[in-house]
Amino acid sequence: MTIIENFRRSLPMVEHARGKRLAVTCELKCANACMKPDCNTSSNPTFREIAGAALSRRAVLGLGAAGAVALTFSQAGSAGRAVAADYEGLGGLGLPKPGWSKLPFEPIKPVPANIDQFVVPGGYNWMPLIRWGDPLFADAPAFDIAAQTPEAQARQFGYNSDYLEIIPDKSLKTGVLVNNHEYVNANIMFPSVPAGQVLPPEEVRRRGDIAKMAQGLSVVEISRSGSGTPWSYVQGGRRNRRITVETVFELTGPAAGSALVKTADDPEGRWVRGTLGNCAGGTTPWGTILSGEENFDGYFAWNAEAPGHARYSSTSTTSTSTGWETYDPRFNAHDAGYVNEPNRFGYIVEIDPYDPDSVPKKHTAMGRMKHEGANVYVSKDRRVVAYMGDDQRNDYLYKFVSKNKISASRAKNMTLLSEGDLYVAKFSGDSPANEILGTGQLPSDGQFDGTGQWVPLTKNGKSVVPGFTTEEVLVFTRLAADAVGATKMDRPEDVQPNPWTGKVYVALTNNSERGTKSPLDEANPVTGNRYGHVIELTETAGHAGTSFAWNILLLCGDPAQVANTYFAGFPADMVSPISCPDNLAFDAAGNLWIATDGAPSTIGYNDGLFKVPLTGDDRGHVQQFLAVPRQAETCGPVIHDWEGMVFVAVQHPGEGGTYELQTSVFPDGYKSAPVPGDVPTAPRPSVVQVYRA
Ligand code: FEO
Ligand code: CA
Ligand code: CA
């Protein structure tokens, strides 16, 4: 640790929506979204204005229990992320029953935020499965940080891993890995620019093009000797693919071909080059990967005079951290040919990981926002329902319900997300407004809870929002949701249905503006919500229906540091401290797993992965399974407890360093023995596998 200590630096911290975090991350990841004027200036009613009018929670829950959806293989295949692309084949693979687990562990102690280590429980080992820069194709060059080129990066694994899926083939000895690459940390990838100097245009372009190739997604074949043993990735695998900021996507759904998405490059409005800000995602029962285009706004010089732009960008801008707009006019919305280019990002994209030649899709029917991700559940009537969060302070929770039903035809299922209806959530509480104190203290009925409505934005595929055309609802979805009075939430991240119960879990990561720019309500009951919370939502008219009941499962934080944390009633002195919930997953026993992004700057510990039982005496017993290294975020958890394995993506390790003075050496360590004067290797965002020792 002494050597690592030498590389510690004191870096500027800024007050960010995620709590205090490194200024460099605010710039690179979210384009300083938190420092700009709030782009949601709508005056929707919130809970405080409608409290007291709530229905009887018990009556609603009773209806929900009566209407509980029987599990199908489809659920287990998607949200359970069990094993196969072919959902009809899951039965043959012997999926375990709820309550079964091969993943016993003693929770780890929280890891202080200055420790540059990946920590797992006793009895487990870990190793990287694939790292930024690893060559994917037979002709791809080996990683060499000093010899980066756009051409090399296009053939190598991308940067800043987020959503992750590991899908074994039926043999369990081969499979495919899919991973989002959300953004790049140029500050630790490239040599620093000396004070008072600027990069010459050709170097701006070289670095910009490397970044374009380092983002997007990777699809990579994997192999191993048998179930429960670690995987290796296969260089040159048949399904290997890189999707980048230059890959062509097909726009689907009602807004495809509309005037709102036409540009000089694409006068038909049907083909978009690239995907941006790919954050979380989901895996469908038909074996495709959904990926959310989240912080796409940071890549454009915005023109706030253009229709709809201000609600997505808040202000006009002339430059970005990537510099793409300086040499590629499609990133300059002031250019007359590309005013609509930003309208072509902010969608849920769908990738077929089995066909490297397939054209990926952007689904306009699922709306346009800063999509965290999308997770699919099959309703009782076999339509598919996708749950989605718009991750910005005071933005909304959505769901999409397909028009058509899931079938045995994979080709037909691949069109399910192109046609259907979009809904936004409106929450009501069941406690008097004056009981919501903003401190997290429970109201007199003992929980934060109530009912809610899914308010339709489209019906039979057509706008039902007064004053909005269908295309406007789907391209300027935030404005349509403002118009129907959706409930402003504390930054909705992953929204994940439990495959075993159908209940839906919503991670709300934090909201520094709660109680000031947005009023307190029972669903968002903490002033300046620093540590985030998790809502448990019960569909009371089926998953395709429009009514729900809800309760807060967790009010996060470190009980040793703050009062009024809440863990579904479990004793607070017996849980692992947890802050800023982000990505969610379920294991085959029906436990919720939560990955965090923001613990270092809020509770002083490295981010981690936590298991939370949802039933029985252990309900709410938060237990930490692993911790990621210094200045990293835990992403994309995949829980294969059925074979004693867990996978996570380690995003932005050492984000606060510089090329010359790195602050993390994860995962490669030092170039030689760690002795004074040794040179650290640059940190590499990686996919890590944890397996039984
Ligand atoms: Fe990219 Fe909402 O996290
Ligand atoms: Ca209540
Ligand atoms: Ca996230």
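The values are calculated or read from the model by the stated rules, or taken from the named source; none is laboratory data. Computed from a predicted structure; not experimentally measured. FYI the Cβ positions are ideal-geometry reconstructions off the backbone, even for glycines, and counts take in every protein chain you see. Surface areas here come from the heavy atoms of the whole protein model, side chains and all, with no ligands, DNA or RNA. Shrake-Rupley method; radii C 1.70, N 1.55, O 1.52, S 1.80 Å.
Of all residues in the range 417-440, exactly one satisfies the criterion of being surrounded by 22 or more Cβ atoms within 10 Å (Cβ to Cβ), β-branched (V, I, T) and in a strand (DSSP E or B), namely V424. Residue check: S171 meets all listed conditions (1) without any contact (Cβ under 8 Å) to a residue 24 or more places away in the chain; (2) among the hydroxyl-bearing types (S, T, Y); (3) touching a strand residue (DSSP E or B) at 6+ places or on another chain (Cβ under 8 Å) but one, namely (3). For the range 529-556, what are the residues that are free of Cβ contacts under 8 Å to residues at least 60 places away in the same chain and more than 15 Å from ligand 2 (Cβ to nearest atom)? Across the range 529-556, the qualifying residues are N529, C556. When residues in the range 373-397 are screened for being of a type in the set (K, R) and either within 16 Å of ligand 2 (Cβ to nearest atom) or open to solvent by less than 10 Å² (accessible area, probe 1.4 Å) (or both), 0 of them pass. Taken over the range 285-319, residues that are among the charged types (D, E, K, R) and without any contact (Cβ under 8 Å) to a residue 60 or more places away in the chain amount to 1.
Can R410 be described as within 16 Å of ligand 1 (Cβ to nearest atom), touching a Phe, Trp or Tyr at 6+ places or on another chain (Cβ under 8 Å), of a type in the set (K, R) and within 22 Å of N375 (Cα to Cα)? No, not satisfied. Within the range 527-540, the set of residues being more than 22 Å from the chain's Cα centre (by Cα) and either open to solvent by 30 Å² or more (accessible area, probe 1.4 Å) or closer than 15 Å to P432 by Cα (or both) comprises just one member, T527. Scanning the range 441-465 for residues that are touching a helix residue (DSSP H, G or I) at 6+ places or on another chain (Cβ under 7 Å) and either open to solvent by 50 Å² or more (accessible area, probe 1.4 Å) or within 16 Å of ligand 1 (Cβ to nearest atom) (or both) gives S444, K462. The single residue among K362, K370 that is touching a residue at least 12 places away in the same chain (Cβ under 8 Å), within 16 Å of ligand 1 (Cβ to nearest atom) and either open to solvent by less than 20 Å² (accessible area, probe 1.4 Å) or within 18 Å of the chain's Cα centre (by Cα) (or both) turns out to be K370. Each residue in the range 441-466 was checked for being outside any strand (DSSP E or B) and of a type in the set (G, A, S), and 3 of them qualify.
Within the range 495-505, the set of residues being open to solvent by less than 10 Å² (accessible area, probe 1.4 Å) and touching a Gly at 6+ places or on another chain (Cβ under 7 Å) comprises V495, N498, P499. Scanning the range 444-472 for residues that are within 13 Å of ligand 2 (Cβ to nearest atom) and touching a Gly at 6+ places or on another chain (Cβ under 8 Å) yields a count of 3. Scanning the range 267-282 for residues that are touching a residue at least 12 places away in the same chain (Cβ under 8 Å) and open to solvent by 10 Å² or more (accessible area, probe 1.4 Å) returns R270, W271, R273. For L416, state whether it is within 22 Å of S291 (Cα to Cα) and either in contact (Cβ under 8 Å) with a residue 24 or more places away in the chain or of a type in the set (S, T, N, Q) (or both). Yes: the conditions hold for L416. When the range 402-414 is filtered for residues that are open to solvent by less than 80 Å² (accessible area, probe 1.4 Å), over 23 Å from D390 (Cα atoms) and not hydrophobic (A, V, I, L, M, F, W, C), the ones remaining, listed by number, are N404, S407, S409, N413.
Each row is one residue, and each column tells you yes or no for (1) of a type in the set (D, E); (2) closer than 26 Å to L442 by Cβ.
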residue: V575; (1), (2): no, yes
residue: I578; (1), (2): no, yes
residue: D582; (1), (2): yes, yes
residue: G590; (1), (2): no, yes
residue: I594; (1), (2): no, yes
residue: A599; (1), (2): no, yes
residue: Y605; (1), (2): no, yes
residue: L609; (1), (2): no, no
residue: G616; (1), (2): no, yes
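Among the residues of the range 148-157, just one is more than 15 Å from Q235 (Cβ to Cβ) and open to solvent by less than 10 Å² (accessible area, probe 1.4 Å), namely Q153. The number of residues in the range 624-671 being assigned to a strand (DSSP E or B) and open to solvent by 10 Å² or more (accessible area, probe 1.4 Å) comes to 1. Every condition in (1) of a type outside the set (F, W, Y); (2) touching a residue at least 60 places away in the same chain (Cβ under 8 Å); (3) more than 16 Å from ligand 1 (Cβ to nearest atom); (4) touching a helix residue (DSSP H, G or I) at 6+ places or on another chain (Cβ under 6 Å) holds for N332 except the one numbered (2).
The residues in the range 565-618 that are β-branched (V, I, T), within 26 Å of M645 (Cβ to Cβ) and either open to solvent by less than 10 Å² (accessible area, probe 1.4 Å) or in contact with a helix residue (DSSP H, G or I) (Cβ under 8 Å, 6 or more places away or on another chain) (or both) can be counted, and the count is 4. Suppose the filter is open to solvent by 10 Å² or more (accessible area, probe 1.4 Å) and under 22 Å from the mean Cα position of the chain (by Cα); does G298 pass it? Yes, satisfied.
When residues in the range 383-416 are screened for being of a type in the set (S, T, Y), outside any strand (DSSP E or B) and under 25 Å from the mean Cα position of the chain (by Cα), 2 of them pass.
Scanning the range 161-217 for residues being open to solvent by 60 Å² or more (accessible area, probe 1.4 Å), charged (D, E, K, R) and closer than 20 Å to E660 by Cβ gives a total of 1. Within the range 283-335, the set of residues being β-branched (V, I, T), part of a loop (DSSP other than H, G, I, E, B) and at pLDDT 90 or above comprises T284, T288, T320, T322. When T487 is tested against the conditions (1) open to solvent by 10 Å² or more (accessible area, probe 1.4 Å); (2) in a loop (DSSP other than H, G, I, E, B), the lone failure is (1).
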